[in-house]
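Q: What follows is a single structure, and I will ask about it in a moment.
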DNA sequence: AATAACTGAGTTGTGCACAACTTAATTTCT
DNA sequence: AGAAATTAAGTTGTGCACAACTCAGTTATT
């Protein structure tokens with residue numbers, strides 16, 4: 001008979017595998033992003049802006065699943081780096097519109113090779129990567145739906 | 001012709017899918033762990049200790065892939081909660097052995113239902129979860145091997 | 001029109017992560 | 001044995017994440 005631990009086991013947990021994988025990939029990006037003067041969450045914000053050009057803090061929060069408590073100081077740092085501008089919308093003074101500066105837009109070209117480099121290091125071929133991404137999205141949606149249905 | 005964004009796209013990134021999934025699962029654990037008075041990384045440390053009973057800070061770092069800069073203050077908090085003890089090893093005074101207190105050991109029983117609850121919310125069946133875990137481990141190993149091979 | 005409810009950002013405080021560094025203990029190399 | 005290198009923890013400083021809160025602006029209700 002194999003031993004039966006009287007509790008959950010670390011390496012059995014999908015949650016730990018996710019946590020470890022996410023941190024490993026972020027760590028792989030770090031030296032590449034250092035060259036651009038960015039952190040990983042800052043890079044994600046710029047990814048969203050390179051795609052959409054102008055987004056409110058609210059929009060960014062929806063895209064990245066982050067709240068204003070995280071985004072506000074992060075955006076201030078990006079503004080200090082002169083990569084983005086922040087301005088109140090005139091038609092709704094509650095909203096702050098975040099837009100790329102010329103400098104922020106130019107950084108896009110330097111970021112183009114990054115996903116390829118990181119993809120190579122993952123050791124998965126195209127179809128496996130595609131399937132993994134799909135599974136992760138489904139998992140995230142399922143978990144978030146479950147959370148939204150919880151009391152409170 | 002579809003538009004071709006002149007740069008990487010947020011939702012295409014496996015790295016973002018990982019980041020979002022990891023945070024969603026952690027967020028799902030949070031209210032459950034609140035009842036035990038634990039954070040998610042603290043829970044991971046206890047998982048390792050429930051399995052092995054006594055580990056050095058170094059061992060914990062290897063198991064969780066965290067360095068002493070993260071673990072030292074975390075373990076101090078667990079000690080203040082009276083869930084673990086920390087003591088220098090007599091045969092090597094550099095090492096600190098972390099062991100469970102009775103209180104820390106008792107918490108194990110309360111943690112038993114957690115993985116099942118979280119597994120349900122993931123919306124994947126057993127085989128899919130198993131495959132995902134395997135893929136994530138391979139990805140983590142591949143990425144870490146790649147990082148270890150980098151200059152410096 | 002006045003009030004109530006809601007919304008979007010921002011602030012404060014706690015706890016990770018991680019880089020860079022310090023210190024003390026141990027091991028290795030002359 | 002003594003110096004140099006290595007190792008294990010811990011400290012300091014920065015930047016997320018996130019809860020809980022504030023505040024100003026907008027919308028809904030009466």
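The values are calculated or read from the model by the stated rules, or taken from the named source; none is laboratory data. Note that the structure is predicted; figures quoted are calculated from it, not measured. Every residue, glycine among them, receives a Cβ derived from its backbone with ideal geometry; neighbour counts consider all protein chains shown.
Q: State whether one or more residues within segment B:76-98 are within 16 Å of DNA strand D (Cβ to nearest atom), closer than 17 Å to residue A:17 by Cα and in a helix (DSSP H, G or I).
A: no
Q: Within segment A:53-65, does at least one residue satisfy the condition of being within 14 Å of another protein chain (Cβ to nearest Cβ) and at pLDDT below 95?
A: yes
Q: On to the next question. Which of the residues spanning segment A:54-85 are near DNA strand C (Cβ under 8 Å from one of its atoms) and touching a residue at least 40 places away in the same chain (Cβ under 8 Å)?
A: Once the filter is applied, which keeps residues that are near DNA strand C (Cβ under 8 Å from one of its atoms) and touching a residue at least 40 places away in the same chain (Cβ under 8 Å), segment A:54-85 yields A:56, A:57.
Q: Quick one: which residue in A:88, A:30, A:94, A:108 is within 11 Å of another protein chain (Cβ to nearest Cβ), within 11 Å of DNA strand C (Cβ to nearest atom), surrounded by fewer than 19 Cβ atoms within 10 Å (Cβ to Cβ) and modelled with pLDDT of 95 or more?
A: None of the other options fit; the residue is A:30.
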